[in-house]
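Read the structure below first, then the notes.
The values are calculated or read from the model by the stated rules, or taken from the named source; none is laboratory data. Because the structure is a prediction, the values reported are computed rather than measured. Heavy atoms of the whole protein, side chains included, go into the accessibility calculation; ligands, DNA and RNA do not. Shrake-Rupley method; radii C 1.70, N 1.55, O 1.52, S 1.80 Å.
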Amino acid sequence: MRMVCCVGLQGGEALRSTGEADDLPTVVDWIEVFRKSIPTFRTHALTDESVPGPLREAAADRFAADFNAALDALLADPSLPAPGYPASQPINCATLCQLREDCLHGAGFGDVFAAVKARENERALALLPGVLAEFDALEGRLTDQWVAGGRAADVGAAGEWPRGYQRCSVTFPSFPSEPDTPFATPPLELALRGVFAGNIFDLGAEASAQLHAAGGSAFAATRARLLPRPWAVDDMDALLGAVGAGLRWRKAALFVDNAGPDVVLGMLPLARLLCQAGSQVLLMANRGATINDITAPELQDLLARAAPLDPVLAEATSSGALRVVCSGSDLPVIDLTQLSPEAVEAAADCDLIVLEGMGRGIETNLHAALSCDSLKLGMIKHPEVAAHFSGRLYDCVCKFDRGLSGEQPN
């Protein structure tokens, strides 16, 4: 992989000022997006056991006050860093994320979402076998054929099913009917819809945090009720067409986002599908805690617990075809020019990069140009970002780009 540029809605550049003739969010818009996150962060800070119980409420109040004051300072003079936070300039998604983390750490907090991540991981692991069974159940709808990456292939002459598949007559409920939906939903489309459904578990966005607090983010129901296509950015047909025509990748790096259903029920099934198609898969996760994003150590433990639940995952992990790599990031956004040495080495020969989540795939890298193929996936949960696209909250982004290099994957 070679990075050519790293820009999304704002990328590494400063946000536009109020009054510029553009539909991108302004400095004021983004500062208020981050301000709206304060109640959720304060609530979860009260569960952080790294701070002694008697001191926790005062520390949470300190975080809220410090972050509010820093945001006020940036509003008062967007050309200057907030007092005490020199890294808060230039104002962009990354620096605002870092400012929030600095305020949390300054108040004494470590991982304020540790409890909810652990709880959601447990719930998602319990659902994983059923979700994976849905992929295997697709075979029952095609009798003596199997579907791999959207392309049907004949069963072997001796009647053997490809490795990782088993014959099954069970069918699963179809997604809401769309004019271009085939009778048998390709596994890749099912996997991507699962990624979108899982990505709603995002406690850094006010809308999805409130939805989670109200208990309204059940995976199956969310997947069944995705907004109708076309989505805000919709390259699904182009991707399915390319895979159906034989496109495969030797090695894929999947930059994952949130813990719980996002990584377990969304990204793990996608990784499994890629492994079944012959790809090596790297699950790239954060070095340090931020919001409810999963960290590399947490994902390593989670993958070890998921593997015994499924023979395909078990074989992929034991053979090294599926493994976790630390990206080096401590933020919910990512600059691909600032990866850890471990990540750079591991991803150097990748021919597919998947950037998942609103922060990594939309707000900082939507228009990133890579030498290899890339797939940006995410659900839009900020109204300010939705206004830049379709205007629909919870709309999906599925952006598929072929690589810029002359060598293409087989």
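Brief remarks follow.
- Full-extension gain in nm, Leu127 to Ser405, via 0.36 nm per residue minus C-alpha separation: 96.1 nm
- Accessible surface computed residue by residue for the stretch 27-110, with neighbouring protein chains in place and a 1.4 Å probe, gives 43 Å² per residue.
- Computed from backbone phi, the HN-Hα couplings of the stretch 274-289 come to 5, 4, 5, 8, x, 7, 7, 10, 9, 9, 8, 10, 4, 6, x, 6 Hz, rounded to whole numbers (Karplus: 6.51 cos²θ - 1.76 cosθ + 1.60, θ = phi - 60°; Gly and Pro given as x).
- For the stretch 348-360, 3J(HN,Hα) per residue [Karplus equation, 6.51 cos²θ - 1.76 cosθ + 1.60, θ = phi - 60°, Hz, x = Gly/Pro]: 4, 9, 6, 10, 8, 10, 10, 10, 10, x, 5, x, 7
- Share of carbon and sulfur in the accessible heavy-atom surface of the stretch 27-110 [1.4 Å probe, %]: 60 percent
- Backbone amide hydrogens, once placed in the peptide plane, bring Cys398 within less than 5 Å of Val233, Asp234, Asp235, excluding anything fewer than 5 places away on its chain.
- Solvent-accessible area, 1.4 Å probe, carbon plus sulfur percent, for the stretch 288-353: 56 percent
- Scattering profile of the stretch 276-336 at q = 0.12, 0.21 Å⁻¹ [log10 I(q)/I(0), Debye over alpha-carbon scatterers]: -0.32, -0.81
- Dimensions of the stretch 27-110 from C-alpha coordinates, computed as largest minus smallest value along each principal axis and given longest first, are 39, 21, 19 Å.
- Length gained on full extension, Gln338 to Leu46, computed as 0.36 nm times the residue gap minus the Cα-Cα distance: 101.9 nm.
- Karplus-derived 3J(HN,Hα), 6.51/-1.76/1.60, for each residue of the stretch 300-313, Hz, glycine and proline x: 4, 5, 5, 5, 5, 7, 6, 4, x, 7, 8, x, 5, 5
- Amide hydrogen neighbours beyond the local backbone of Val325, cut-off 5 Å, H modeled: Leu283, Met284, Ala285
- Cα-based reach from Lys36 at 22 Å (exclusive), listing lysines while leaving out same-chain residues under 8 positions away: Lys117, Lys381
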